[in-house]
1. Given the protein chains as shown and a 1.4 Å probe, how many square angstrom of B:TRP176 are accessible, to the nearest 10?
2. Could you state how much accessible area B:PHE157 has, in square angstrom rounded to the nearest 10, with a 1.4 Å probe and all protein chains kept in place?
3. Would you tally the net charge around B:LEU22, using a Cβ to Cβ cut-off of less than 13 Å, leaving B:LEU22 out, and scoring K and R as +1, D and E as -1?
4. Could you list the GluC sites (Glu not before Pro) in region B:96-158 that lie in coil according to DSSP, counting only those with at most 12 other Cβ atoms within 10 Å of their Cβ?
5. If I fit a long axis through the Cα atoms of helix A:53-65 and take the longest principal axis of the Cα atoms of chain A, what angle between them do I get, 0 to 90°, rounded to 10?
6. For chain A, what does -39500 (n - 2.57) per DSSP helix run (n ≥ 4), summed and divided by total residues, give at 222 nm, in deg cm²/dmol to the nearest 500?
7. Note down the nm distance, to one decimal, between modelled labels 7 Å out along Cα→Cβ at A:ALA46 and at A:PHE7.
8. Assuming 0.36 nm per residue, please report the length gained on full extension of the stretch B:LYS230 to B:SER47 beyond their Cα-Cα distance.
Amino acid sequence: MINELLFMNGYGVYVLSAFSFTLLSFSALYLITKVQFIKEQNKFVAKFGSLNSEKAEAAKTEESDQEGITYKKSFIIGCFQVLSILFPGLSRSAATIIGGMSQQLNKKTALEFSFFLAVPTMLAASAKSTLDVYQTNPEVFGKENLLLL
Amino acid sequence: MFKLFQPNKIFQITSKAPKYILLLFVIVLSIGLMEALILSPEDYKQSDAVRIMYVHVPAAWISLGIFSSITFLSISGFIFKNKNFFLISKSLAPSGFVFNIIALVTGAIWGKPTWGTWWAWDARITSMLILALFYAMYLISWRIYENEEKVFKITTFITIIGIVNVPIIKYSVDWWNTLHQPASINILSKSSIHSSMLFPLLIMTAAFALFSLLIFLMKYNTELIKIKNKGLDRL
């Protein structure tokens, strides 16, 4: 029975050598990739072990805080915005972006935050100037002008 | 959508997957070997030599498929400026190369009893050999060049030239009079192969595909760990 299976009408040598070549190259490729993988993994472990654990921990927290904006940080960014009132000509947008980046926000987050910060500030500023105009010359808000609006 | 391709997310999955895929591969391969070597019938003309088909054909299919996907990934990596596509194509290449070599060698072993010769400069065989050379060029160029930008350009160039060869391989048996037989398995029209032979062939194809997936995942993990090692150097 087994002899018959191995002989295969005289073609056994060819068939079995083809199959064994396939399986051998499979196992060779598997072993090579496995060895490479283990080598790199060992290198990683060695490097990670040699690192100062406090430093690694600090790097981790730094990474995670980069995105988040706390109340303290936003207050300091607001103080930077106040600078643009004190020095006329200092751009409000630039001041808030620089303030954000000084608080370890990355560029993108700082820009986004400064953009959102503009909304209440601009609303307040326009309300203030409308009030000023109303107090000095109230005839601007006549019927015709409001209709034009 | 491209956030799904970020290495950190993928690594969580790929670092665990190889174990299960290895298990699945061993099971499917043993079923396939049983079917191919013992249970499937012998050919009326070629007798038992037909059994070589069960390793020869899937290997050729998969090496062609891997080369096409490498080209697709390299080009889209250039279009979307995504480095990860290049990493994926780099880790796909070794299994494709090995499958190509298997197809060539088993083809030679099959050629001896049926055609009476180990090697002939026939259209299909020659184009397959050219594909193997392209694979070798691709793999070597990843080793030679250190500069990342340069490697991306050169490997994409190689794959774009190499992809011209793939349709030539596919249609070489129709365009020229060759020793190699034309395709017997068609998706659109009826296949000229009996189901008792088609079934083990499909199982072996599944096993080979699982093996290339396994090698791909292990290679990909290695590449990701390499990148992490580089990052640790900077800390």
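The values are calculated or read from the model by the stated rules, or taken from the named source; none is laboratory data. If you're wondering where the values come from, they're calculated on a predicted model, not measured in any experiment. All Cβ positions, glycine included, derive from the backbone under ideal geometry; neighbour counts span all protein chains shown. We work out accessible area using only protein heavy atoms, side chains counted, and drop any ligands, DNA or RNA first. Shrake-Rupley method; radii C 1.70, N 1.55, O 1.52, S 1.80 Å.
1. 130
2. Using a 1.4 Å probe on the heavy atoms, I get roughly 130 Å².
3. Taking every Cβ under 13 Å from that of B:LEU22, the sum is +3.
4. Those satisfying the criteria are B:GLU146.
5. The helix A:53-65 is inclined about 50 degrees to chain A.
6. -27500 deg cm²/dmol
7. With each label placed 7 Å out from Cα toward Cβ, I get 5.7 nm.
8. 60.3 nm
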